[in-house]
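In what follows, a single structure is set out as C-alpha cells and then discussed.
The values are calculated or read from the model by the stated rules, or taken from the named source; none is laboratory data. If you're wondering where the values come from, they're calculated on a predicted model, not measured in any experiment. All Cβ positions, glycine included, derive from the backbone under ideal geometry; neighbour counts span all protein chains shown. Note: accessible area is taken over every heavy atom of the protein model, side chains too, but ligands, DNA and RNA are not part of it. Shrake-Rupley method; radii C 1.70, N 1.55, O 1.52, S 1.80 Å.
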Amino acid sequence: AETVLLRRLHVLVFIEHGTRRLHLAGVTAHPTGAWAVQQARNLAMDLGDRLGTLRFLIHDRDPVFTTAFGEVFRAEGQIIITTLPRTPRMNAYAERFVRTARTECTDRMLIIGERHLHAVLSEYMAHYNTGRSHQGHGMGLRAPGDDPDVVSLPVRADRIQLRPRLAGLINEYQQAA
C-alpha cells in the first residue's frame, strides 16, 4: 500500500482457503525474514490448536519467507507449498483478496502510516470476516464468520439497521432487534 507521504507499506495476511477467514499478521515499511517469522509465531499463538487442523501453507517466492518462517508451520504438521514464478492462479484466493481490499478499501482512502493502515485493514477484515457475503464454492453467500444455522428471511424495510464501517466507506445491513 502507498501512503500519502509516498512510502510503500507491506502487509502480511493469512487466509484460510476453506472458510476464506482472514488474519492480519502485520504491517511494516521494511519487511525482513525475522519480521515474517515473528508474525508467523504470533499467528500460531492466536490460532492455537486450530493451526493443527490446517494442512497447507501456500506462499510466493518473496525472500522474507525464510526457512525459519516455514519451520513455524512445519512444526504444526503443515506442508509448505511455494508458488511458481508468475503464476498468480496458484494462490488465487489471496490474489483475489488483495484486489478486493484495494478496490473496496485502500484505493479509496488516504493512508498516513503503518498504524493507520493496520487500523484500516483490521476494520476492513472484520467486515470481510463477518459482514461481507462471499460467492465462493460452498460459501452460499455467507461471510466466513456467519452462523450456518441462521437463515436470513426477507424482512420489512423498517426492520433493517444500517451499520457503517470505515467511517461510512462500507455499510453493512442487518435485521434490527
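Things to note:
- Long-range HN-HN contacts of Leu57 with modeled amide H, under 5 Å: Ile79, Ile80, Ile81
- 3J(HN,Hα) along region 160-165: 10, 10, 8, 10, x, 10 Hz, from the Karplus curve 6.51 cos²θ - 1.76 cosθ + 1.60 with θ = phi - 60°, whole Hz, x for Gly and Pro.
- The accessible surface of region 24-105, taken with every protein chain in place and a 1.4 Å probe, is 53 percent carbon and sulfur.
- Compactness relative to 2.2 N^0.38 Å, alpha carbon Rg of region 1-48: 1.30
- The packing ranking of peptides 24-34, 73-83, highest mean first, is 24-34, 73-83, where packing means the average number of other beta carbon atoms within 10 angstrom of each residue.
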